[in-house]
Amino acid sequence: MSTATPEETRRSVDTGELVRKYAIVLVFVLVVVVFAILTQGNNLQTQNMFNIVVQMAPIGIIALGMMFAIITKGIDLSVGSTVAISAVVAASLAQIPSATSKFNFGEAGIPVILPILAGLGVGALVGFINGSIIAMFRIAPFVMTLGMMSMARGSALTYTEGRPISGLAPQYNFLGNGSVLGIPMPIWLLALVAVITWVILERTRFGRHVYAVGGNDQAAKVSGINIRRVHLGIYTFIGLLAGLAGMIVTGRVGSANPGMGNMWELDAITATVIGGTSFAGGVGTVWGTIVGALIIQVIDNGLDLMGVNPYAKIIVKGAIIVVAIILDERKNRGR
(Lines give C-alpha, C1' and ligand atoms only; values in the text may rest on other atoms or scores of the structure.)
Protein backbone atom coordinates (compact mmCIF):
# COMPACT_ATOMS: atom_id res chain seq x y z
CA MET A 1 0.00 0.00 0.00
CA SER A 2 1.45 3.36 -1.03
CA THR A 3 2.25 5.84 1.76
CA ALA A 4 2.78 8.81 -0.59
CA THR A 5 0.75 11.87 0.25
CA PRO A 6 -1.41 13.51 -2.45
CA GLU A 7 1.10 16.34 -2.64
CA GLU A 8 4.00 13.93 -3.19
CA THR A 9 2.00 12.07 -5.84
CA ARG A 10 1.16 15.32 -7.62
CA ARG A 11 4.84 16.38 -7.65
CA SER A 12 5.86 12.98 -9.03
CA VAL A 13 3.29 13.23 -11.82
CA ASP A 14 4.35 16.81 -12.61
CA THR A 15 8.02 15.78 -12.79
CA GLY A 16 7.23 12.91 -15.13
CA GLU A 17 5.14 15.15 -17.36
CA LEU A 18 7.91 17.76 -17.38
CA VAL A 19 10.52 15.18 -18.43
CA ARG A 20 8.26 13.86 -21.21
CA LYS A 21 7.48 17.37 -22.42
CA TYR A 22 11.08 18.53 -22.63
CA ALA A 23 12.78 15.22 -23.46
CA ILE A 24 13.54 16.57 -26.92
CA VAL A 25 15.78 19.24 -25.37
CA LEU A 26 17.73 16.55 -23.52
CA VAL A 27 18.07 14.62 -26.80
CA PHE A 28 19.41 17.76 -28.48
CA VAL A 29 22.02 18.26 -25.75
CA LEU A 30 22.97 14.58 -25.97
CA VAL A 31 23.42 14.77 -29.76
CA VAL A 32 25.62 17.87 -29.44
CA VAL A 33 27.79 16.21 -26.78
CA VAL A 34 28.14 12.95 -28.76
CA PHE A 35 29.27 14.77 -31.90
CA ALA A 36 31.55 17.03 -29.85
CA ILE A 37 33.34 13.85 -28.77
CA LEU A 38 33.33 12.30 -32.24
CA THR A 39 34.58 15.48 -33.96
CA GLN A 40 37.02 16.41 -31.18
CA GLY A 41 35.10 19.59 -30.44
CA ASN A 42 35.09 20.93 -33.99
CA ASN A 43 31.29 21.09 -34.05
CA LEU A 44 31.30 23.44 -31.04
CA GLN A 45 33.32 26.15 -32.75
CA THR A 46 31.36 29.40 -32.82
CA GLN A 47 31.36 29.80 -36.60
CA ASN A 48 30.30 26.19 -37.10
CA MET A 49 27.39 26.54 -34.68
CA PHE A 50 26.38 29.74 -36.42
CA ASN A 51 26.45 27.95 -39.78
CA ILE A 52 24.31 25.13 -38.38
CA VAL A 53 21.51 27.55 -37.50
CA VAL A 54 21.70 29.31 -40.88
CA GLN A 55 21.68 26.03 -42.81
CA MET A 56 18.86 24.71 -40.66
CA ALA A 57 16.53 27.62 -41.49
CA PRO A 58 15.08 26.33 -44.82
CA ILE A 59 14.41 22.83 -43.45
CA GLY A 60 13.02 24.35 -40.25
CA ILE A 61 10.60 26.48 -42.28
CA ILE A 62 9.40 23.48 -44.31
CA ALA A 63 9.14 21.34 -41.17
CA LEU A 64 6.83 23.91 -39.58
CA GLY A 65 4.46 23.42 -42.52
CA MET A 66 4.89 19.64 -42.45
CA MET A 67 3.88 19.74 -38.78
CA PHE A 68 0.34 20.85 -39.75
CA ALA A 69 -0.03 17.90 -42.14
CA ILE A 70 1.23 15.33 -39.64
CA ILE A 71 -0.97 16.72 -36.85
CA THR A 72 -3.94 15.85 -39.09
CA LYS A 73 -2.47 12.38 -39.82
CA GLY A 74 -1.37 13.53 -43.26
CA ILE A 75 1.97 14.06 -44.95
CA ASP A 76 3.41 16.06 -47.84
CA LEU A 77 5.99 14.24 -49.96
CA SER A 78 6.08 16.99 -52.60
CA VAL A 79 7.82 19.72 -50.57
CA GLY A 80 11.25 19.05 -52.07
CA SER A 81 9.91 19.31 -55.62
CA THR A 82 7.90 22.39 -54.64
CA VAL A 83 11.15 23.96 -53.48
CA ALA A 84 12.64 23.31 -56.92
CA ILE A 85 9.81 24.65 -59.09
CA SER A 86 9.33 27.72 -56.88
CA ALA A 87 13.05 28.49 -56.85
CA VAL A 88 13.64 28.19 -60.59
CA VAL A 89 10.61 30.33 -61.45
CA ALA A 90 11.64 33.03 -58.96
CA ALA A 91 15.28 32.89 -60.07
CA SER A 92 14.38 33.20 -63.75
CA LEU A 93 12.62 36.48 -62.94
CA ALA A 94 15.44 37.73 -60.71
CA GLN A 95 18.31 37.50 -63.19
CA ILE A 96 20.40 40.53 -63.94
CA PRO A 97 20.31 41.80 -67.57
CA SER A 98 23.79 40.48 -68.40
CA ALA A 99 23.07 36.94 -67.16
CA THR A 100 23.40 34.14 -69.68
CA SER A 101 20.16 32.20 -69.85
CA LYS A 102 17.35 31.16 -72.10
CA PHE A 103 15.26 33.60 -70.09
CA ASN A 104 15.41 37.30 -70.84
CA PHE A 105 13.31 38.55 -67.96
CA GLY A 106 16.29 40.40 -66.45
CA GLU A 107 16.34 42.81 -69.35
CA ALA A 108 12.79 43.84 -68.51
CA GLY A 109 14.00 45.44 -65.26
CA ILE A 110 11.55 43.52 -63.08
CA PRO A 111 11.44 44.80 -59.45
CA VAL A 112 12.84 42.20 -57.02
CA ILE A 113 9.53 41.95 -55.18
CA LEU A 114 7.93 40.29 -58.22
CA PRO A 115 10.27 37.26 -58.29
CA ILE A 116 9.70 36.82 -54.56
CA LEU A 117 5.92 36.98 -54.95
CA ALA A 118 6.15 34.63 -57.92
CA GLY A 119 8.15 32.09 -55.90
CA LEU A 120 5.68 32.24 -53.03
CA GLY A 121 2.77 32.09 -55.46
CA VAL A 122 4.07 29.01 -57.29
CA GLY A 123 4.66 27.23 -53.97
CA ALA A 124 1.20 28.14 -52.71
CA LEU A 125 -0.35 27.03 -56.02
CA VAL A 126 1.29 23.61 -55.79
CA GLY A 127 0.04 23.28 -52.22
CA PHE A 128 -3.43 24.51 -53.21
CA ILE A 129 -3.66 21.82 -55.90
CA ASN A 130 -2.57 19.20 -53.35
CA GLY A 131 -5.12 20.40 -50.82
CA SER A 132 -7.95 20.75 -53.35
CA ILE A 133 -7.62 17.23 -54.70
CA ILE A 134 -7.15 15.73 -51.22
CA ALA A 135 -10.27 17.56 -50.02
CA MET A 136 -12.49 17.08 -53.10
CA PHE A 137 -11.69 13.48 -53.93
CA ARG A 138 -10.74 12.34 -50.41
CA ILE A 139 -7.46 10.96 -51.69
CA ALA A 140 -4.89 9.96 -49.12
CA PRO A 141 -2.33 12.81 -48.75
CA PHE A 142 0.47 10.26 -49.21
CA VAL A 143 -0.82 9.30 -52.67
CA MET A 144 -1.62 12.82 -53.84
CA THR A 145 1.66 14.39 -52.75
CA LEU A 146 3.63 11.43 -54.10
CA GLY A 147 2.17 12.17 -57.53
CA MET A 148 2.77 15.89 -57.10
CA MET A 149 6.39 15.19 -56.18
CA SER A 150 6.93 13.83 -59.67
CA MET A 151 4.83 16.45 -61.45
CA ALA A 152 6.49 19.43 -59.75
CA ARG A 153 10.00 18.05 -60.32
CA GLY A 154 9.19 17.37 -63.96
CA SER A 155 7.84 20.90 -64.32
CA ALA A 156 11.05 22.37 -62.92
CA LEU A 157 13.17 20.27 -65.30
CA THR A 158 10.98 21.20 -68.26
CA TYR A 159 10.99 24.90 -67.39
CA THR A 160 14.78 25.09 -67.16
CA GLU A 161 15.57 22.34 -69.68
CA GLY A 162 17.58 20.78 -66.90
CA ARG A 163 19.99 23.73 -66.61
CA PRO A 164 20.82 25.86 -63.57
CA ILE A 165 19.82 29.52 -63.43
CA SER A 166 22.51 31.91 -62.21
CA GLY A 167 23.36 35.62 -62.41
CA LEU A 168 20.73 36.70 -59.88
CA ALA A 169 20.16 40.26 -58.68
CA PRO A 170 21.96 41.13 -55.41
CA GLN A 171 18.66 42.33 -53.89
CA TYR A 172 17.20 38.86 -54.43
CA ASN A 173 20.29 37.13 -53.04
CA PHE A 174 19.80 39.20 -49.87
CA LEU A 175 17.15 36.65 -48.84
CA GLY A 176 19.84 34.03 -48.39
CA ASN A 177 23.10 35.84 -47.70
CA GLY A 178 22.05 39.22 -46.33
CA SER A 179 21.91 40.17 -42.67
CA VAL A 180 20.10 42.67 -40.45
CA LEU A 181 21.63 43.80 -37.14
CA GLY A 182 24.33 41.20 -37.67
CA ILE A 183 21.82 38.34 -37.86
CA PRO A 184 21.51 36.49 -41.19
CA MET A 185 18.24 36.85 -43.07
CA PRO A 186 17.52 33.08 -43.04
CA ILE A 187 17.38 33.22 -39.24
CA TRP A 188 15.11 36.29 -39.29
CA LEU A 189 12.80 34.56 -41.76
CA LEU A 190 12.75 31.34 -39.72
CA ALA A 191 11.87 33.35 -36.60
CA LEU A 192 9.12 35.20 -38.46
CA VAL A 193 7.62 31.97 -39.81
CA ALA A 194 7.84 30.35 -36.36
CA VAL A 195 5.93 33.23 -34.76
CA ILE A 196 3.27 33.25 -37.49
CA THR A 197 2.92 29.49 -37.26
CA TRP A 198 2.58 29.62 -33.48
CA VAL A 199 -0.11 32.30 -33.73
CA ILE A 200 -2.04 30.30 -36.35
CA LEU A 201 -1.79 27.07 -34.37
CA GLU A 202 -2.37 28.39 -30.86
CA ARG A 203 -4.41 31.56 -31.24
CA THR A 204 -6.78 31.07 -34.16
CA ARG A 205 -9.91 29.03 -34.83
CA PHE A 206 -8.13 27.40 -37.78
CA GLY A 207 -5.39 26.15 -35.44
CA ARG A 208 -7.97 24.66 -33.08
CA HIS A 209 -9.61 22.96 -36.04
CA VAL A 210 -6.26 21.49 -37.09
CA TYR A 211 -5.83 19.85 -33.68
CA ALA A 212 -9.47 18.75 -33.64
CA VAL A 213 -9.25 17.09 -37.07
CA GLY A 214 -6.02 15.37 -36.08
CA GLY A 215 -7.45 14.19 -32.76
CA ASN A 216 -10.69 12.75 -34.15
CA ASP A 217 -11.84 13.73 -37.62
CA GLN A 218 -15.28 12.18 -37.23
CA ALA A 219 -15.94 14.08 -34.02
CA ALA A 220 -14.62 17.23 -35.69
CA LYS A 221 -17.00 16.72 -38.61
CA VAL A 222 -19.98 16.17 -36.31
CA SER A 223 -19.11 19.36 -34.42
CA GLY A 224 -19.37 21.35 -37.64
CA ILE A 225 -15.73 21.73 -38.65
CA ASN A 226 -15.23 21.93 -42.40
CA ILE A 227 -12.52 19.29 -42.78
CA ARG A 228 -12.03 19.95 -46.47
CA ARG A 229 -11.32 23.60 -45.82
CA VAL A 230 -8.80 22.63 -43.12
CA HIS A 231 -6.94 20.35 -45.53
CA LEU A 232 -7.00 23.00 -48.24
CA GLY A 233 -5.53 25.58 -45.88
CA ILE A 234 -2.88 23.23 -44.54
CA TYR A 235 -1.45 22.10 -47.86
CA THR A 236 -1.54 25.61 -49.34
CA PHE A 237 0.41 26.84 -46.31
CA ILE A 238 2.96 24.03 -46.71
CA GLY A 239 3.48 24.94 -50.37
CA LEU A 240 3.90 28.60 -49.48
CA LEU A 241 6.61 27.77 -46.93
CA ALA A 242 8.36 25.40 -49.35
CA GLY A 243 8.47 28.25 -51.88
CA LEU A 244 10.02 30.57 -49.29
CA ALA A 245 12.61 27.94 -48.33
CA GLY A 246 13.55 27.49 -51.98
CA MET A 247 14.19 31.19 -52.44
CA ILE A 248 16.30 31.37 -49.28
CA VAL A 249 18.60 28.63 -50.56
CA THR A 250 18.67 30.16 -54.03
CA GLY A 251 19.64 33.51 -52.57
CA ARG A 252 22.34 31.91 -50.43
CA VAL A 253 24.11 30.12 -53.28
CA GLY A 254 23.28 32.69 -55.97
CA SER A 255 21.67 30.20 -58.35
CA ALA A 256 18.79 27.76 -58.73
CA ASN A 257 18.67 24.37 -60.35
CA PRO A 258 15.79 21.94 -60.95
CA GLY A 259 17.46 19.25 -58.84
CA MET A 260 17.46 21.27 -55.63
CA GLY A 261 15.31 20.19 -52.71
CA ASN A 262 15.82 16.51 -53.50
CA MET A 263 15.02 14.40 -50.41
CA TRP A 264 14.18 17.49 -48.37
CA GLU A 265 10.84 15.90 -47.54
CA LEU A 266 12.84 13.30 -45.62
CA ASP A 267 14.59 15.97 -43.55
CA ALA A 268 11.33 17.84 -42.90
CA ILE A 269 9.47 14.70 -41.82
CA THR A 270 12.37 13.60 -39.62
CA ALA A 271 12.60 17.00 -37.93
CA THR A 272 8.86 17.10 -37.34
CA VAL A 273 8.59 13.60 -35.89
CA ILE A 274 11.70 13.97 -33.73
CA GLY A 275 10.21 17.25 -32.49
CA GLY A 276 7.29 15.37 -30.98
CA THR A 277 4.60 15.66 -33.66
CA SER A 278 2.74 12.37 -33.64
CA PHE A 279 1.69 10.37 -36.69
CA ALA A 280 -1.30 9.36 -34.56
CA GLY A 281 -2.53 12.95 -34.96
CA GLY A 282 -3.58 15.79 -32.69
CA VAL A 283 -0.11 16.46 -31.24
CA GLY A 284 2.60 18.89 -32.33
CA THR A 285 4.33 22.08 -31.23
CA VAL A 286 6.27 24.83 -32.97
CA TRP A 287 9.17 24.84 -30.54
CA GLY A 288 9.47 21.05 -30.67
CA THR A 289 9.67 21.15 -34.46
CA ILE A 290 12.39 23.82 -34.36
CA VAL A 291 14.45 21.75 -31.91
CA GLY A 292 13.87 18.69 -34.10
CA ALA A 293 15.21 20.58 -37.14
CA LEU A 294 18.24 21.65 -35.09
CA ILE A 295 18.94 18.04 -34.12
CA ILE A 296 18.82 16.97 -37.77
CA GLN A 297 21.20 19.75 -38.77
CA VAL A 298 23.62 18.99 -35.92
CA ILE A 299 23.69 15.34 -37.01
CA ASP A 300 24.13 16.33 -40.66
CA ASN A 301 26.92 18.74 -39.81
CA GLY A 302 28.62 16.26 -37.49
CA LEU A 303 28.60 13.54 -40.15
CA ASP A 304 30.09 16.02 -42.63
CA LEU A 305 32.89 16.89 -40.18
CA MET A 306 33.56 13.19 -39.76
CA GLY A 307 33.79 12.75 -43.54
CA VAL A 308 30.86 10.33 -43.73
CA ASN A 309 29.70 9.41 -47.24
CA PRO A 310 26.63 11.52 -48.28
CA TYR A 311 24.75 8.37 -49.24
CA ALA A 312 25.38 6.91 -45.81
CA LYS A 313 23.85 10.06 -44.31
CA ILE A 314 20.56 9.21 -46.03
CA ILE A 315 20.66 5.79 -44.36
CA VAL A 316 21.23 7.44 -40.98
CA LYS A 317 18.29 9.80 -41.45
CA GLY A 318 16.04 6.94 -42.51
CA ALA A 319 17.04 5.01 -39.42
CA ILE A 320 16.28 8.04 -37.25
CA ILE A 321 12.76 8.20 -38.70
CA VAL A 322 12.18 4.52 -37.95
CA VAL A 323 13.37 4.91 -34.35
CA ALA A 324 11.27 8.05 -33.89
CA ILE A 325 8.15 6.31 -35.20
CA ILE A 326 8.74 3.30 -32.95
CA LEU A 327 9.06 5.58 -29.93
CA ASP A 328 5.93 7.46 -31.01
CA GLU A 329 3.98 4.20 -31.29
CA ARG A 330 5.11 3.09 -27.84
CA LYS A 331 4.14 6.46 -26.39
CA ASN A 332 0.68 6.28 -27.97
CA ARG A 333 0.08 2.80 -26.57
CA GLY A 334 0.84 4.18 -23.13
CA ARG A 335 -1.77 6.93 -23.35
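The values are calculated or read from the model by the stated rules, or taken from the named source; none is laboratory data. Just so it is clear, the model here is predicted, and its values are computed rather than measured. Ideal geometry is used to build each Cβ from the backbone, glycine not excepted, and the neighbour counts take in all protein chains shown. Accessible surface areas use protein heavy atoms only, side chains included; no ligands, DNA or RNA. Shrake-Rupley method; radii C 1.70, N 1.55, O 1.52, S 1.80 Å.
Starting from the Cα of Asn226, step 7 Å along the direction of its Cβ; do the same at Gln171; then give the gap between the two resulting points in nm.
3.7
Given the convex hull of the Cα atoms of region 278-317, what is a quarter of its surface area in nm²?
3.3
Can you check what the net charge comes to around Ala135, using other residues whose Cβ is under 15 Å from the Cβ of Ala135 (Lys, Arg +1; Asp, Glu -1)? Before the final figure, lay out the partial values.
On the way: positive: Lys73, Arg138, Lys221, Arg228, Arg229; negative: Asp76, Asp217.
Once all neighbours under 15 Å are counted, the net charge is +3.
How big is region 234-300 by the Kirkwood estimate over distinct Cα pairs, in Å?
13.1
Measure off 7 Å from each Cα along the Cα-to-Cβ vector at Val180 and Ala319, then give the distance between these two points in nanometres to one decimal.
It is 4.2 nm.
Keeping the other protein chains in place, figure out the carbon and sulfur percent of the accessible area of region 186-324, with a 1.4 Å probe. Intermediate results must be reported in sequence, preceding the final value.
On the way: 3710 of 5680 Å².
Of the solvent-accessible surface of region 186-324, carbon and sulfur hold 65 percent.
Could you state the angle between the C-alpha long axis of helix 46-71 and the longest principal axis of the C-alpha atoms of the chain, as a value from 0 to 90 degrees rounded to the nearest 10?
Relative to the chain, helix 46-71 is tipped by roughly 70 degrees.
Kindly report the accessible area of the chain per residue (heavy atoms of protein chains, probe 1.4 Å, no ligands, DNA or RNA), in Å².
Per residue, the chain has an accessible area of 49 Å².
Helix 286-305 against the longest principal axis of the chain: what's the angle in degrees, Cα atoms only, rounded to the nearest 10?
70
What angle, in degrees between 0 and 90 and rounded to the nearest 10, separates the Cα long axis of helix 23-38 from the longest principal axis of the Cα atoms of the chain?
Taking Cα atoms only, the helix is inclined about 60 degrees.
Full extension from Leu44 to Val29: what is 0.36 nm times the residue separation minus their Cα-Cα distance, to one decimal in nm?
The Leu44-Val29 span can extend by a further 4.2 nm.
Express the C-alpha Rg of region 108-164 as a ratio against the empirical globular expectation 2.2 N^0.38 Å, rounded to two decimals.
For region 108-164, the normalised Cα radius of gyration is 1.38.
Give the total of Lys-Lys pairs in the chain with Cα-Cα distances below 26 Å; include a pair only if its members are 8 or more places apart or on different chains.
So the count works out to 7.
Provide Rg and Dmax in Å for the chain, with only Cα atoms included in the calculation.
21.1, 83
So what's the projected area for region 127-286, the Cα convex hull averaged over all directions, in nm²?
Orientation-averaged projected area of the Cα hull: 10.7 nm².
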